[in-house]
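Here is the structure we will look at.
The values are calculated or read from the model by the stated rules, or taken from the named source; none is laboratory data. Predicted, not measured: the structure shown is a model, and the values here were computed from it. Methodologically, a virtual Cβ is constructed for each residue, glycine included, from the backbone with ideal geometry; neighbour enumeration extends over all protein chains shown.
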Amino acid sequence: MAMSPDPVRGPSFAAPGARQSALSGNGLAVASMLTWAAGFPAAEILLQSWPPVALWAARALLAVAVMVPVWIWIDGPRAVLRARWGHAVRVGGFGLGLGMFLIILAQKLTDPVTVAIIASCAPLIATLLELAAGTRRLRWNFALGVVVSIIGGLIATSAIAPAQLGLGALCAVGSTTLFCWGSMATSRDFPDLSQTGRTTITLAGGAIVASVLIGLASLAGFDIRPQRPIDTQQAGMLVIYALISLGLSQVLFIASVGKLGVALASFHINVAPFYVMVIMLVLGEEWNWTRALGAAVVALAVVLAQDRPGRQTA
């Protein structure tokens with residue numbers, strides 16, 4: 001019996017059109033990580049005055065407020081009303097909502113570099129999730145690609161010593177695990193929706209959970225307001241953080257997961273430190289060859305992990 005392609009239900013790399021699908025999937029992942037990386041500098045500015053729980057809720061609510069009308073325009077009101085909202089609240093609340101809060105908290109407790117280092121385990125976590133779900137059969141080249149991707153992620157973030165670990169590191173690990181699971185479920189469990197619809201409905205689930213938790217935080221006496229008035233700079237950073245680094249990035253990532261599987265798509269997460277460096281370069285920071293080398297190693301991992309023509313048997 002012939003082995004199934006990777007992911008199990010996905011197309012063979014040698015099948016007609018599959019090579020183009022792999023190329024477009026990787027292109028979508030690159031675009032997703034570029035837009036996601038833009039959120040790290042924005043978060044650094046916002047966290048100077050915003051409590052993490054307030055920033056989490058504002059980010060989710062702003063993204064959903066803009067994306068829901070776009071979703072209605074693409075899929076139509078009937079698809080929106082008939083969508084699996086109960087399941088979306090579970091997937092979005094835990095996978096994206098809680099995961100998003102944990103990564104903000106991790107960055108608050110540590111720094112962007114530490115978060116990026118721990119996020120380099122995403123390919124391993126995503127691979128284990130796909131193996132457990134039965135959607136991937138592990139091949140030697142893919143396993144090698146996972147190892148090389150993690151090495152590349154560590155190289156890309158080794159130029160700066162991370163802050164102390166502890167609770168911040170635990171939050172980053174939890175966030176990475178929840179994000180991989182949520183992305184896999186988003187791509188898999190809403191087949192009747194467009195990519196924008198799949199992303200929006202789970203982000204809406206996350207926003208619902210965010211709204212509940214910020215209300216509970218307020219009742220518990222926690223400060224949920226920014227420490228200083230919101231000015232033009234903060235508003236601009238929030239737009240980048242919510243609409244570009246979350247909304248647009250997640251649409252692109254879910255589209256990539258649909259073509260590559262969450263494990264291979266997550267390889268690209270390890271290039272994020274390089275993209276952050278490029279963004280910071282535009283803002284006046286210096287070029288870092290170590291991060292550039294790490295990005296090149298991750299690119300090699302992506303190539304290694306792709307299935308090759310001729311490896312599938314009839």
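Table: residues versus (1) modelled with pLDDT under 80; (2) under 18 Å from the mean Cα position of the chain (by Cα).
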{"residue": "11", "(1), (2)": "yes, no"}
{"residue": "14", "(1), (2)": "yes, no"}
{"residue": "19", "(1), (2)": "yes, no"}
{"residue": "30", "(1), (2)": "no, yes"}
{"residue": "34", "(1), (2)": "no, yes"}
{"residue": "37", "(1), (2)": "no, yes"}
{"residue": "41", "(1), (2)": "no, yes"}
{"residue": "46", "(1), (2)": "no, no"}
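Quick one: which residue in 184, 277 is part of a helix (DSSP H, G or I), in contact with a Lys or Arg (Cβ under 7 Å, 6 or more places away or on another chain) and of a type outside the set (Ser, Thr, Tyr)? Before you say what the answer is, go through the steps one by one.
Numbers: 184 fails: in contact with a Lys or Arg (Cβ under 7 Å, 6 or more places away or on another chain).
When all the criteria are applied, what remains is 277.
Taking segment 239-273, which residues are in contact with a Lys or Arg (Cβ under 7 Å, 6 or more places away or on another chain) and part of a helix (DSSP H, G or I)? Spell out the reasoning first.
Of all residues in segment 239-273, those in contact with a Lys or Arg (Cβ under 7 Å, 6 or more places away or on another chain) come to 241-242, 246, 254, 261, 263, 273.
241, 242, 246, 254, 263, 273 - these are the residues of segment 239-273 that are in contact with a Lys or Arg (Cβ under 7 Å, 6 or more places away or on another chain) and part of a helix (DSSP H, G or I).
Among residues of segment 282-309 that are part of a helix (DSSP H, G or I), those with a beta-carbon under 9 Å from a residue that is modelled with pLDDT under 70 and of a type in the set (Asp, Glu) at least six positions away or on a different chain give the pairs 305/6.
Among the residues of segment 71-89, are any basic (Lys, Arg) and under 16 Å from residue 245 (Cβ atoms)? Even if it seems obvious, please write down each step before you answer.
As a first pass, look at segment 71-89 and keep what is basic (Lys, Arg): 78, 82, 84.
Filter once more, keeping what is under 16 Å from residue 245 (Cβ atoms): none.
No, that holds for no residue.
Would it be correct to say that residue 214 is closer than 19 Å to residue 85 by Cβ and part of a helix (DSSP H, G or I)? Working first, answer last.
Numbers: closer than 19 Å to residue 85 by Cβ: no; part of a helix (DSSP H, G or I): yes.
No.
Assessment of segment 196-203 against the conditions (hydrophobic (A, V, I, L, M, F, W, C), modelled with pLDDT under 90 and either closer than 30 Å to residue 298 by Cα or surrounded by fewer than 21 Cβ atoms within 10 Å (Cβ to Cβ) (or both)) yields no matching residue.
For the structure I just gave you, tell me whether residue 91 is surrounded by fewer than 23 Cβ atoms within 10 Å (Cβ to Cβ), modelled with pLDDT of 90 or more and either part of a helix (DSSP H, G or I) or small (Gly, Ala, Ser) (or both).
Details: surrounded by fewer than 23 Cβ atoms within 10 Å (Cβ to Cβ): no; modelled with pLDDT of 90 or more: yes; either part of a helix (DSSP H, G or I) or small (Gly, Ala, Ser) (or both): yes.
Judged against the criteria, residue 91 is not a match.
Just to check your reading of the model, which residue among 62, 124 is at pLDDT 90 or above and in contact with a helix residue (DSSP H, G or I) (Cβ under 9 Å, 6 or more places away or on another chain)? Reasoning before the result, please.
Numbers: 124 fails: at pLDDT 90 or above.
On inspection, the qualifying residue turns out to be 62.
Please determine whether any residue of segment 79-87 is more than 17 Å from residue 237 (Cβ to Cβ), crowded, with 19+ Cβ neighbours inside 10 Å, among the small types (Gly, Ala, Ser) and in contact (Cβ under 8 Å) with a residue 40 or more places away in the chain. Checked against the condition, which is being more than 17 Å from residue 237 (Cβ to Cβ), crowded, with 19+ Cβ neighbours inside 10 Å, among the small types (Gly, Ala, Ser) and in contact (Cβ under 8 Å) with a residue 40 or more places away in the chain, segment 79-87 yields at least one hit.
From the list 224, 208, 244, which residue is in contact (Cβ under 8 Å) with a residue 24 or more places away in the chain and within 30 Å of residue 148 (Cβ to Cβ)? Steps first, please.
Numbers: 224 fails: within 30 Å of residue 148 (Cβ to Cβ); 208 fails: within 30 Å of residue 148 (Cβ to Cβ).
Just one listed residue meets the conditions, 244.
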